[in-house]
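The structure appears below as structure tokens.
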Amino acid sequence: MIDSSHQPVPLNAVCPFCSLLCDDLRIAVDGQALTLIGPSCGKARAGFADGSIEDVPLVAGVQATHHQAIERAAALLAGSRHPVFGGLATDIDGMRTVMMLADRCGGSVDHMDGDTLARKNGLLATRGAISTTLAEVANRADLILLLGEDALGDGSRFIERCVTPGDSLHPERLAARELVVLAPRSAARALQGISVPTRHLPMAMSDAAEVASALRALLAGRTLAARAVAGIRTTDLAEVAARLAAARYAVIVWGKDLSSAPHSEVAMELLNELLKDLNRNTRAASLVLGGSDGAASANAVCAWQAGYGLRTSFASGGPEHDPTRFSARQLIEDGTADLLIWISAYATRQTPPADLDCPTIVLGRSGMRFDVVPDIYIPVGTPGIDHPGRLIRTDSSVSLPLPALRESGLPSVRQVLGQLAALVLP
Ligand code: SF4
């Protein structure tokens, strides 16, 4: 599979750079250099070109050997009262090792996108959700209502792979498919040329709850006195509601620009209630796009092993979950945590928040540069590039193996944490 000759060798690859985990990429491998041949995706192109293969650890900003960095990191971890494992941009194996260390060291776990995950987990735990998969969207949906513009443009292939796939198990659904987009005006350009009938109703993401509420009312047969809701004509919303009711399988899709917005819980809850309303008479489901940077994998592993999603602490001797109290930031700012172990294996720009004042060990993608130099930096490889890995997709129903593309010699997160565990744990 791996060819170390000097001729570029195209390899099939699964992309680790967002939670769609596209499995149809062709990557040219020229020594250690990787270039995306296709299909086109700006995010993947940047991701494969990012980083370096230099394995140069830093201790207090000074170059050190891997062994020296591990020994110093082990000393910090052994002396920590409450380490918090943050970032968590790793794969399933890396996250399993994080969980083992957090459990044995009395630490906590939180992802770099923990605020968004906490909202999603909270809603799922308290209200439930009717969700679907990428394959169901591609094959069965005849109406897709997309909120926000995360899934549009050069950085996502959602439209290409799920809305306008080349073929479908149900060609009649694909032929009948319509796309309705509720998103800011800036989305208009990315919607040009989409090969299914597409309607764009401009909407600010902060108005999503108001619009979802109006759609529920219209679906229930109520008449709205207002001529417009959040700038959208009521007659246009009535058409969307009627189309949702008439669809054989409607899917409501949203991404991080909705789920990370302030007070997005209300909007997401109303959308879930809208789906419940629809399912009284037809079939409808949600697809929440998110979980990139290993978030879907980290959250799932935490749930398997601790019984809770992320923002779980082992400081009391057993797992405790609190989406507010156990955020990495909160734990550091209130003085509970005294060591941050920041894990970020996908993007060199994803360094620890510069304003967190705490001793820090970084296991980061090789080639990382810092505004605030951490106490220790240990370069790691990227799953699906420098070592094999496995990740969970955005729809949480599929995990995909990612073969390595080159032999860089960079260690995985699992390996580095295993070396730390060997020095720290009895
Ligand atoms: S859409 Fe995501 S998974 Fe697919 S190629 Fe682009 S970055 Fe990679």
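Before moving on, here are some points about what is shown:
- Restricting Ala74, Ala78 to those that are more than 28 Å from Arg157 (Cα to Cα) and either surrounded by 14 or more Cβ atoms within 10 Å (Cβ to Cβ) or within 15 Å of the ligand (Cβ to nearest atom) (or both) reduces the list to Ala74.
- Test result for Val251, assigned to a helix (DSSP H, G or I), modelled with pLDDT of 95 or more, under 20 Å from Leu152 (Cβ atoms) and not charged (D, E, K, R): no
- Looking across Ile252, Ile159, Ile194, Ile232, one residue alone is open to solvent by less than 20 Å² (accessible area, probe 1.4 Å), more than 15 Å from Ser286 (Cα to Cα) and not hydroxyl-bearing (Ser, Thr, Tyr). It is Ile232.
- Meets criteria (in contact with a Pro (Cβ under 6 Å, 6 or more places away or on another chain) and among the charged types (D, E, K, R)) for Arg390: yes
- Considering residues of the range 37-48 that are touching a strand residue (DSSP E or B) at 6+ places or on another chain (Cβ under 8 Å) and open to solvent by 60 Å² or more (accessible area, probe 1.4 Å) only, the residue nearest to Met100 (Cα to Cα): Arg45
- Any hit, the range 303-313, residues being closer than 14 Å to Val84 by Cα and in a loop (DSSP other than H, G, I, E, B): yes
- Scanning the range 156-202 for residues that are among the hydrophobic types (A, V, I, L, M, F, W, C) and outside any helix (DSSP H, G or I) yields Leu169, Leu179, Val180, Val181, Leu182, Ala183, Ile194, Val196, Leu201.
- A single entry from Asp167, Asp154 fulfils the requirement of being among the charged types (D, E, K, R) and either closer than 29 Å to Pro323 by Cα or within 16 Å of the ligand (Cβ to nearest atom) (or both): Asp154.
- Some residue of the range 81-99 being within 16 Å of the ligand (Cβ to nearest atom), charged (D, E, K, R) and farther than 22 Å from Leu420 by Cα: no
- Taking every residue in the range 295-311 that is more than 21 Å from Leu20 (Cβ to Cβ) and pairing it with any residue that is charged (D, E, K, R) and crowded, with 24+ Cβ neighbours inside 10 Å, at least 6 positions away or on another chain, the pairs with Cβ-Cβ distances below 7 Å are Arg311/Asp110.
- In the range 32-52, the qualifying residues are those that are free of Cβ contacts under 8 Å to residues at least 60 places away in the same chain and over 18 Å from Arg365 (Cα atoms), and the one that is farthest from the ligand (Cβ to nearest atom) is Ile37.
- Looking only at the range 49-71, and only at residues there that are modelled with pLDDT of 95 or more and part of a helix (DSSP H, G or I), the one that is surrounded by the most Cβ atoms within 10 Å (Cβ to Cβ): Ala69
The values are calculated or read from the model by the stated rules, or taken from the named source; none is laboratory data. Note that the coordinates shown come from a computational prediction; the quantities given were computed from them, not determined experimentally. A quick note on method: Cβ atoms are made from the backbone with ideal geometry, for glycine too, and the neighbour counts reach across all protein chains shown. Note: areas computed on protein heavy atoms with side chains; ligands, DNA, RNA excluded. Shrake-Rupley method; radii C 1.70, N 1.55, O 1.52, S 1.80 Å.
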